[in-house]
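The values are calculated or read from the model by the stated rules, or taken from the named source; none is laboratory data. Just so you know, these numbers come straight off a predicted model, no measurement behind them. All Cβ positions, glycine included, derive from the backbone under ideal geometry; neighbour counts span all protein chains shown. We work out accessible area using only protein heavy atoms, side chains counted, and drop any ligands, DNA or RNA first. Shrake-Rupley method; radii C 1.70, N 1.55, O 1.52, S 1.80 Å.
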Amino acid sequence: MSALYRLKGLEYSYIWNKEPVPVLKGIDLELEKGCFTCIVGPSGTGKTTLLNLLGLIDTPTSGHIEFAGEEVTHLKESAKEQVRLHKVGFIFQAFYLIPTLTVLENTAYFLPSLGYTHAAAQKTALETLELLGLADHAKKKPLELSGGQRQRVAIARAIAKKPMVVLADEPTANLDSVTAEKTINAFKELQKSENTSFIFSTHDSHLVSFARSVYRMKDGQIEGRG
Amino acid sequence: MIDLVKISWRNLFRNPRRTAASLCTVALGAAGLLIYQGFNTGVMNQYRENVIHGYYGYGQVFPADYYGKVHEQPWKKWFEHPDEVEAQIRSSSAVTQVFPRVSFYAFIVKGGITLGGKGEGVIPDRENSFFTEMNFISGTDLHNSDEIILGKGLAESVDAKVGDTITLLTQTVNGQLNGADLKVAGIFYTGKKVIDDAFYRVELKQAQALLDTNRVEMFALATKGVEAWPQVEHDIRKANAQLDPIPFEILDKNYYQNSVDFLNAQFSFIRSIILVIVAMGIFNVISVGLLERAGEVGALRANGEKRTRLFRIFLIENSLLGILGGFLGICLAVLINKTLLVKGVPMPPAPGITRQFWVFLEILPSHYIQALLLPMLATVVASVWPIVKLLKKSIPELLRST
């Protein structure tokens, strides 16, 4: 399988009291396409930072990121926006849906920017919701849904644009076990049907059990692969 | 664009209480602007009517090269054939009445007191129907050719009361002394000391007899309204290029035009204060509202949403808020005008007026547009900084803010 990501000597620090505080300390990594990958480790080891760098929403202090065969480390913000729009789907623990839009409108949110007509966007969004078992809730507002349903809407919004990779930061952290199970099944189904790559940062051992690759992080470094 | 407007519109209902607070701020600002501007226009229109119906008319017609200049023998410039000139003036369909006048200097003698003054000869029957704003503190206007009316200060100086007889001494246009005994018909008060202390009026024929001339110095005009003046001026100049029509706002520049300019400057200042209050009031609400959406903005941007598109959404959202607030403000102002202010606002006597008067709000179409657009502009301006501040944050920073 070809590499989706190639990371070389990736370092990241933030400044605290005028002093650099290292978060990632020289990460070399290759992540495969179409796989379920989990990044695990205790809190504060740099999992979220690594995910941010993979999703091009932050810039490393040093090192290189190659994404889908393209060097993306120092792209301009406008170019990063384009990569994120076309190739990356992000899911967060807190969902971050737009409360004033319906489930269908939230799901279709990015599609017009990708050139979809209104009708095509509605159709694609509805198909995505069907895939996630949410078609019956299409006209509801996010606040009318349960936490698990909202998480699936956030997933639907991220995958409706058919990205190459979905990056998810603790996607099951706020969900009960039954809802978490359903969410994981939705991920598996998408991975099979769309060959979408999934990269999670998680503490959830159940989610980890489905991963093809598991990377353990400690103190800003990859400690090992499971 | 329709999608952006739709999203922005829906966002207004995200936090109804906050939106209501913002709408109230904008609406009160817009209503304040509209009421104040309507009041200002009402005051000016009242004052304008007083100026027009008090002395000047809508304008006056002078011989060419006469008005505003000092002449050694002014009567030589006066209209030699006033009837012809009057006919030329009346040829304008917008002129409704014509009031010929002459002005002259004379001594007013009563008992042992002699004082100099400046007066006018007028046709009372014509003038009484139009110049209804003369403030008589005793007696009435002229009704006969052997009568005179005096300014309050002048009457006090010569100790004249209504019914008393005084002697008016003047010089004819040929330089001979001439005089007449006249009965005091009324004593008036304009509030302008320079007029009240030295001004008098007699009948036009009496003035012409005293000056020994048939000439007329100028014609005051009644027209179909202020708006008709450009047509009147055009028609008169076309009828006779030697006529010089001058509108009331130039004739009374010191009082009327300066008052208009003064009140407009005052209004501009108060309008700025209202807009700053609206902007400051709304700035805080918008800032808090945007801060609450930082995580959502971060998530959208992480998924590829452009900063520019978000900026447009937020800007449209605040423009809608401004327009809606402006519209509500207009409704509020109209409601107040039709209920609480339906009888007008009681005002103390204005300059040149001796009695209290009522000002009615006069809201013009341009005022509605201003009341709609200016608070909207203030809202948009107040929102730009918080929006830019939010969108300048990095995505991780946005995601951490919630």
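Some observations on this one:
- Phi-based couplings in Hz for the range A:13-18 (Karplus 6.51, -1.76, 1.60; Gly and Pro marked x): 10, 10, 9, 10, 6, 6
- When +1 charges are put on Lys and Arg Cβ atoms and -1 charges on Asp and Glu Cβ atoms, the dipole computed for the protein assembly as shown relative to its Cα centre reaches about 2800 debye.
- Distance (nanometres) between label positions extended 7 Å along Cα→Cβ at B:Glu49 and B:Ile113: 3.6
- Greater than 28 Å apart at Cα, pairs in A:Lys123/B:Lys6; B:Lys69/B:Lys161; B:Lys193/B:Lys338; B:Lys161/B:Lys205: B:Lys69/B:Lys161; B:Lys193/B:Lys338
- Proximal aspartates and glutamates relative to B:Lys183, as straight alpha-carbon distance under 15 Å, when same-chain residues fewer than 8 apart are discounted: B:Asp141, B:Asp146, B:Glu147, B:Asp159, B:Asp164, B:Glu203
- For A:Phe36, the residues 5 or more places off, or on other chains, whose built amide H falls under 5 Å of its own are A:Phe198, A:Arg212, A:Ser213.
- Overall form of the range A:1-155 per C-alpha gyration tensor (a/c, 1.5; a/b vs b/c): prolate
- Placed amide H near A:Thr73: partners under 5 Å, 5+ positions off or other chain: A:Ile65
- Calculated P(r) tail over 33 Å for the protein assembly as shown, as whole % of Cα pairs: 63
- Between helix B:2-11 and chain B: long-axis angle, C-alpha atoms, 0 to 90°, nearest 10: 90
- Peptide A:88-100 is shielded by partner chain Cβ atoms: per residue, an average of 6 of them sit within 10 Å of its Cβ.
- Value in Å of the Kirkwood radius, where the range B:45-141 supplies the Cα pairs that are averaged: 15.9
- Protein-protein interface of the range B:301-319, residues with accessible area decrease of at least 20 Å², isolated chain reference, 1.4 Å probe: B:Arg301, B:Ala302, B:Asn303, B:Gly304, B:Glu305, B:Lys306, B:Arg307, B:Arg309
- The range B:96-218: C-alpha gyration tensor shape, a/c 1.5 cut-off, then a/b vs b/c: oblate
- For chain B, the longest principal axis of the C-alpha atoms and the axis of helix B:365-392 are separated by about 30°.
- Charge-dipole axis of chain B as Lys and Arg at +1 and Asp and Glu at -1 on Cβ define it, positive-most pick from B:His53, B:Pro124, B:Ala265: B:Ala265
- Averaging the Cα positions of each part gives two centres, and for the range A:109-142 and the range B:33-103 these lie 73 Å apart.
- Look at where the Cα atoms of the range A:42-63 and of the range B:219-295 average out, and the two centres are 61 Å apart.
- Across the options A:Ser146, A:Ala156, A:Ala168, the greatest Cα extent toward the positive end of the charge dipole of the range A:132-177 (unit charges at beta carbon of Lys, Arg, Asp, Glu) belongs to A:Ala156.
- Within chain B, helix-based [θ] at 222 nm, where runs of 4 or more DSSP H residues each add -39,500 (n - 2.57), nearest 500: -16500 deg cm²/dmol
- Computed from the Cβ-Cβ distance with R0 of 60 Å, the FRET efficiency linking A:Glu71 to B:Lys343 stands at 0.15.
- The simple Förster model, with R0 at 35 Å and r as the Cβ-Cβ distance, assigns A:Ser146 and A:Thr117 a FRET efficiency of 0.65.
- Remark: mean inter-chain Cβ contacts per residue of A:105-111 equal 2, using a 10 Å Cβ-Cβ cutoff to other protein chain atoms.
- A DSSP coil position with no more than 14 other Cβ atoms inside 10 Å describes none of the chymotrypsin sites (Phe, Trp or Tyr not before Pro) in the range B:83-139.
- When the helices of chain A are scored as -39500 (n - 2.57) per DSSP H run of n ≥ 4 and the total is divided over every residue, the value at 222 nm lands at -10000 deg cm²/dmol.
- Within the range B:325-384, trypsin sites (Lys or Arg not before Pro) in DSSP loop having at most 16 other beta-carbon neighbours inside 10 Å: B:Lys343, B:Arg355
- With Cα atoms, 0 to 90° folded angle of helix B:16-51 axis to chain B main axis: 10
- Dipole magnitude of the range A:67-214 about its Cα centre (Cβ charges: Lys, Arg +1; Asp, Glu -1), debye to nearest 20: 260
- The range A:85-226 shape via C-alpha gyration tensor axes, a/c threshold 1.5: prolate
- More than 22 Å apart - percent of Cα-Cα pairs taken over the range B:243-387: 59
- Segment A:Glu19-A:Lys182, length gained on full extension (0.36 nm per residue, minus Cα span): 54.2 nm
- Ranked by the mean number of other Cβ atoms within 10 Å of their residues, highest first, the peptides B:227-233, A:51-57 fall in the order A:51-57, B:227-233.
- Accessible surface of the range B:63-131, 1.4 Å probe, proportion on carbon and sulfur as whole %: 52
- Interface size, chains B and A: roughly 2200 Å² of accessible area buried, both sides included, 1.4 Å probe, rounded to the nearest 100.
- When the convex hull of its Cα atoms is projected in every direction, mean area for the range A:12-65 (nm²): 4.4
- In this structure the amide hydrogen of B:Phe188, modeled in the peptide plane, comes within under 5 Å of the amide hydrogens of B:Ile137, B:Leu150, B:Gly151, B:Lys152, none closer than 5 places in sequence on its chain.
- Number of partner chain Cβ atoms within 10 Å, mean per residue of B:293-300: 5
- B:His81/B:Thr172 FRET efficiency (R0 22 Å; Cβ-Cβ; nearest 0.05): 0.65
- Among B:Phe13, A:Phe187, the sequence by solvent-accessible area, most first, with a 1.4 Å probe is B:Phe13, A:Phe187.
- What you get for the range B:20-128, charging only the Cβ of Lys and Arg (+1) and of Asp and Glu (-1), is a dipole of about 300 debye around the Cα centre.
- Computed Kirkwood radius, in angstrom, where 1/r is averaged over Cα pairs of chain B: 25.6
- Comparing B:Gly32, B:Gly289, B:Gly121 in a Gaussian network model of chain B, where Cα atoms under 10 Å apart are tied by springs, the biggest mean-square fluctuation is seen for B:Gly289.
- Virtual spin-label span in nm between A:Lys162 and A:Lys8, 7 Å along Cα→Cβ: 3.2
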